[in-house]
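Notes to accompany the following structure.
The values are calculated or read from the model by the stated rules, or taken from the named source; none is laboratory data. This structure is a prediction, so every number in the text was calculated from the model and none was measured. For neighbour counting, all protein chains shown are included, and Cβ atoms are generated from backbone atoms with ideal geometry for every residue, glycine included.
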Amino acid sequence: MKSSPSNPAIVRWLLLGCVALMTLLGTQCLLLPEDDFSGSIVANERPNASITGGVLEDSLDIDENRVHFYWYGSDDDGVIQWFEWAVDDTISEEAWHRTTSFDEWIFTRATQPVGTSGYSDWHTFYVRSVDDQYTRSRPDIRFFNAHTIAPTSEILEPDPVDGARWPPHCA
């Protein structure tokens with residue numbers, strides 16, 4: 001015993017009629033909105049950012065001239081659009097670096113002499129997140145002490161050609 005119509009044309013017309021009816025009802029709701037709608041605007045919540053790798057606690061000894069930091073972020077009422085990170089300086093315009101990654105290699109240097117045996121410098125790493133409403137999180141911070149002198153180089157040869165001169169920072 002069949003429970004569905006045997007004619008495919010009838011089935012198509014029934015489906016088409018249902019779609020037309022639903023479209024009409026949906027359009028009617030858009031044309032005549034409720035007048036008694038009330039509500040309140042929900043304030044945007046600040047996102048979060050947390051450092052999860054690299055220097056996990058304030059470190060006394062980093063013997064490399066670079067540190068690989070990892071982090072994540074969350075936003076309870078939206079999404080994270082990007083992260084911003086900085087080292088030492090958070091005031092100048094070029095201090096914050098924008099990224100959509102969850103990690104970054106940070107190059108450090110030590111410039112303060114420590115006795116006659118080496119050099120040392122304390123650094124601060126900051127990371128914060130920015131949500132879809134452009135609200136920034138409070139930065140998560142790590143302090144670490146670098147003991148490595150980053151190498152420097154100077155170009156001595158070849159001499160510039162045709163009477164040209166090396167810029168002062170290269171000579």
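For the range 80-111, give me each residue that is assigned to a loop (DSSP other than H, G, I, E, B) and closer than 13 Å to residue 137 by Cβ. Passing the criteria: only 96.
Please indicate, with yes or no, whether at least one residue in the range 108-123 is closer than 18 Å to residue 50 by Cβ, surrounded by 12 or more Cβ atoms within 10 Å (Cβ to Cβ) and over 14 Å from the mean Cα position of the chain (by Cα). No, the range 108-123 has no match at all.
Kindly check whether there is at least one residue in the range 84-103 that is at pLDDT 90 or above, in contact with a Lys or Arg (Cβ under 6 Å, 6 or more places away or on another chain), surrounded by 10 or more Cβ atoms within 10 Å (Cβ to Cβ) and over 23 Å from residue 145 (Cβ atoms). Yes, the conditions are met somewhere in the range 84-103. Of the residues in the range 69-78, none is at pLDDT below 90, buried (at least 18 other Cβ atoms within 10 Å of the Cβ) and not in a loop (DSSP other than H, G, I, E, B).
Quick check on the range 112-171: of everything there that is part of a strand (DSSP E or B) and polar (S, T, N, Q), which residue is modelled with the highest pLDDT? Among those that are part of a strand (DSSP E or B) and polar (S, T, N, Q), it is 129. Restricted to the range 15-67, and to residues that are under 23 Å from the mean Cα position of the chain (by Cα), farther than 30 Å from residue 134 by Cβ and surrounded by 10 or more Cβ atoms within 10 Å (Cβ to Cβ), which residue is modelled with the lowest pLDDT? The residue in question is 58.
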